[in-house]
Amino acid sequence: MSYLKMLSQFGASSAHPGGFSATLEQLQHFNISKESNILEVGCGTGRTSCFLSKNGYQITAIDIDTDMLKKAKKRAEAQELNINFVEADVCCLPFKDNQFDVILAESVTNFADYHTALSEYYRVLKSGGTLYDREIVEVIPIPSDLRPPLFDFFAFRQLASLDQWKSLLNSIKYNHVSSWDYSLLVLDNRDQVNHPDEFQYPDSHIFTNFQALQTSFEYIDFINTYKEYLGSVVLIGSKP
């Protein structure tokens, strides 16, 4: 079973680095205006989008995975929230140019062609709008023999260093390119304790699904094996 399919079947809500704790810290740090029209790309099961909507933000959320979106809609309905969920590919956003004030991504762009995805984010941002993209980065070069297993398991399209990410953002003409919360990638289960998710909807019989359980254990092994090579960061860029 693929890593992304496993996340979908578990109904995972905060699989990005740092989990929901990192999301909350980011939102508190950057203090996005309530007047902002926000797009969340790769919303998964919708936890971040629902949190924002519950706190008075106007938000549109997309994901390419049909099952993830079904769980996102179920989460929103359970909280009586009005969110525009759209099934879409980050490399071909179904929106007009200059539409959003803010774009949020949490460990999404690495799974797509990052030049195409970042260009699409730029296209639909309004002038003066800002991208906040939390991604896994390559801290030190991964040995050539270790790259294929990592890419095969996670289905990454690419991995880049922080400098390479920033260079790409600059080449697309983002302004004020910067980064925040750069850290090594670690496994930390405290997020589930500090921020339990009452609206997580795993598939029935998930805990007797051997393939899903096996993939979840393989994920832990991969993180432990590659932890010295991988980090995470929030990449920030604005549209002139």
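The values are calculated or read from the model by the stated rules, or taken from the named source; none is laboratory data. A quick note: this is a predicted structure, and the numbers were derived from the prediction, not measured. Please note: Cβ atoms are built from the backbone with ideal geometry, for glycine as well, and neighbour counts cover all protein chains shown.
Evaluate the following for Leu159: is it within 17 Å of the chain's Cα centre (by Cα) and not charged (D, E, K, R)? So that I can check it myself, show each step before the final result.
Numbers: within 17 Å of the chain's Cα centre (by Cα): yes; not charged (D, E, K, R): yes.
Criteria met by Leu159.
Taking the options Ser178, Ser167, Ser171, name whichever one is loosely packed, with under 15 Cβ neighbours inside 10 Å, modelled with pLDDT of 95 or more and under 20 Å from the mean Cα position of the chain (by Cα).
Ser178
Among residues belonging to the range 200-226 that are assigned to a helix (DSSP H, G or I) and among the aromatic types (Phe, Trp, Tyr), point out the one that is nearest to Lys166 (Cα to Cα).
At the first step, the residues of the range 200-226 found to be assigned to a helix (DSSP H, G or I) are 206-208, 210-226.
Now restrict to residues that are among the aromatic types (Phe, Trp, Tyr): 207, 210, 217, 219, 222, 226.
On the way: Phe207: 41, Phe210: 40, Phe217: 33, Tyr219: 28, Phe222: 26, Tyr226: 23 Å.
By that ranking, first place goes to Tyr226.
So which residues in the range 181-215 are in contact (Cβ under 8 Å) with a residue 24 or more places away in the chain and more than 18 Å from the chain's Cα centre (by Cα)? Don't jump to the end; show me each part of the working.
Here is the first cut: in the range 181-215, the residues in contact (Cβ under 8 Å) with a residue 24 or more places away in the chain are 181-188, 190-192, 194-195, 197, 199-203, 206, 209, 211-212, 214-215.
Within the range 181-215, Arg190, Asn194, Phe199, Tyr201, Pro202, Asp203, Ile206, Asn209, Gln211, Ala212, Gln214, Thr215 qualify.
How about the range 1-108: which helices (runs of 4 or more DSSP H) wholly inside it have at least 3 residues that are within 17 Å of Leu131 (Cβ to Cβ) and touching a residue at least 24 places away in the same chain (Cβ under 8 Å)? Walk me through how you get there before you give the answer.
On the way: elements: 3-10, 19-30, 47-54, 66-78.
Qualifying helices (runs of 4 or more DSSP H): 19-30, 47-54.
Here is a list: Phe100, Phe154, Phe111, Phe95. Which entry is closer than 22 Å to Gly44 by Cβ, surrounded by fewer than 16 Cβ atoms within 10 Å (Cβ to Cβ) and of a type in the set (A, V, I, L, M, F, W, C)? First the steps, then the outcome.
Details: Phe100 fails: surrounded by fewer than 16 Cβ atoms within 10 Å (Cβ to Cβ); Phe154 fails: surrounded by fewer than 16 Cβ atoms within 10 Å (Cβ to Cβ); Phe111 fails: surrounded by fewer than 16 Cβ atoms within 10 Å (Cβ to Cβ).
From the options Phe100, Phe154, Phe111, Phe95, the qualifying one is Phe95.
What residue, of Ser119, Ser127, is among the hydroxyl-bearing types (Ser, Thr, Tyr), modelled with pLDDT of 95 or more, more than 25 Å from Leu24 (Cβ to Cβ) and outside any helix (DSSP H, G or I)?
Working: Ser119 fails: outside any helix (DSSP H, G or I).
Being among the hydroxyl-bearing types (Ser, Thr, Tyr), modelled with pLDDT of 95 or more, more than 25 Å from Leu24 (Cβ to Cβ) and outside any helix (DSSP H, G or I) holds for just one of Ser119, Ser127, which is Ser127.
Here is a yes/no grid of residues against (1) assigned to a strand (DSSP E or B); (2) closer than 14 Å to Val139 by Cα:
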site	(1), (2)
Phe153	no, no
Ala160	no, yes
Val177	yes, no
Val186	no, yes
Val193	no, no
Glu228	no, yes
